[in-house]
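Report on one structure; see the data block that follows.
The values are calculated or read from the model by the stated rules, or taken from the named source; none is laboratory data. Remember, predicted model here, so these are calculated numbers, not experimental data. A quick note on method: Cβ atoms are made from the backbone with ideal geometry, for glycine too, and the neighbour counts reach across all protein chains shown.
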Amino acid sequence: MGTTKAAAPKAAKKSSGFKGIKQGIWVIIICAIAAHCVFYFGAGHASNFADLGGATFVIQTPGDVHPHPVNLLGTVYLGGFIVPIIWSLCFTVLTFCIERFFAIRTANGKGSVAKFVADIKVALAAHDLEKAQAICDKQQGSVANVVSATLKRWKLVEADATLSKEQQVLALQKELEEATALEMPMMQENLPIIGSIVTLGTLTGLLGTVMGMIKSFQAMSSGDGGADSTQLATGISEALVNTASGIATSLFAVIGYNYYTNKIDRLTFCIDEVGFCIVQTYNATH
């Protein structure tokens, strides 16, 4: 009669947390759709203008009717079609900044990273690898993942009598570098998009400014020696609204990019610090 092999108990699966949005292009598309809807059906609503001839939205107004804004939203609408493009960039920046907040919080783990590094140093000084591994399992996050992978490699190379001390140390260093390389993409995901919008916001705003000034000069040169005041005001509004929108978008992008880059640099410094401590401790005790 055949015997059945007892199934090994499955290890509990750890929650990996929020790792970020992988398909950033869909975020850009959704933000573009939202920005255009807000612009045309929000800022372009009839309540923001006077003398629309019964139209519900400005985009439905006949070409011979010039909308007169009665509030700031109406003035913003006169900025033209460049404004929703800039708003798309702005919405994208805000969305990715929120996304990076949760991703970096996951990378930090469940406690203070500085305290985690200090606890790992204490455990290594006492040559207590089990305690160090337990600290990693409790902390989680990117730094803990790198330390955990290096500690597991420590046990493997320590048990391999065929390796010299130099080879063992090199194996630890290689594991540390590979584990760090696996964690960095998660921390830096979508940051290049925010960095690109820093420049794109300003350039797009400048494009809208130039187009508004062109309309203003065209209005000044039209008619019998006099300027078309309505077209002149529309051109100036378009120029100023696009300038303000572009500057605001670039401002948000610069703040978000620098803030999260600094957060990542701190995590990288912690990884380097604790990694150096692990390698030095192994080198000194073997």
Practice task
Answer yes or no as to whether ILE98 is farther than 18 Å from LEU182 by Cα, exposed (fewer than 15 other Cβ atoms within 10 Å of the Cβ) and either of a type in the set (Val, Ile, Thr) or not assigned by TED's automatic domain parsing to the domain that holds GLU175 (or both).
Solution key: yes
Exercise for the section: Report whether or not THR162 is at pLDDT below 90 and either in contact with a helix residue (DSSP H, G or I) (Cβ under 9 Å, 6 or more places away or on another chain) or among the polar types (S, T, N, Q) (or both). Expected result: yes
Problem - Of residues in the stretch 124-160 being small (Gly, Ala, Ser) and more than 28 Å from PHE18 (Cβ to Cβ), the one surrounded by the fewest Cβ atoms within 10 Å (Cβ to Cβ) - result: ALA159
Practice task
Determine which single condition ALA179 fails, assuming it passes every other condition in (1) surrounded by fewer than 19 Cβ atoms within 10 Å (Cβ to Cβ); (2) of a type in the set (Gly, Ala, Ser); (3) within 30 Å of THR261 (Cα to Cα).
Solution key: (1)
Exercise for the section: Considering every residue within the stretch 223-242, establish whether at least one is polar (S, T, N, Q) and at pLDDT 90 or above. Expected result: yes
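Could we say that PHE57 is of a type in the set (A, V, I, L, M, F, W, C), crowded, with 22+ Cβ neighbours inside 10 Å, at pLDDT below 90 and touching a Gly at 6+ places or on another chain (Cβ under 6 Å) here? Talk me through it step by step, then tell me what you get.
On the way: of a type in the set (A, V, I, L, M, F, W, C): yes; crowded, with 22+ Cβ neighbours inside 10 Å: no; at pLDDT below 90: yes; touching a Gly at 6+ places or on another chain (Cβ under 6 Å): yes.
Spelling it out, it is not the case that PHE57 is of a type in the set (A, V, I, L, M, F, W, C), crowded, with 22+ Cβ neighbours inside 10 Å, at pLDDT below 90 and touching a Gly at 6+ places or on another chain (Cβ under 6 Å).
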Exercise for the section: Inspect the stretch 250-258 for any residue being in a helix (DSSP H, G or I), over 13 Å from ILE194 (Cβ atoms), in the same structural domain as GLN188 (by TED's automatic domain parsing) and free of Cβ contacts under 8 Å to residues at least 12 places away in the same chain and give the result as yes or no. Expected result: no
Exercise for the section: Tell me, yes or no, whether the stretch 60-82 has at least one residue that is in a helix (DSSP H, G or I), under 30 Å from GLU189 (Cα atoms) and of a type outside the set (Ser, Thr, Tyr). Expected result: yes
Handout entry: Checklist (1) within 30 Å of GLU99 (Cα to Cα); (2) out of contact with any Gly (no Cβ under 9 Å at 6 or more places or on another chain); (3) modelled with pLDDT under 95 applied to GLY205, failing item
Key = (2)
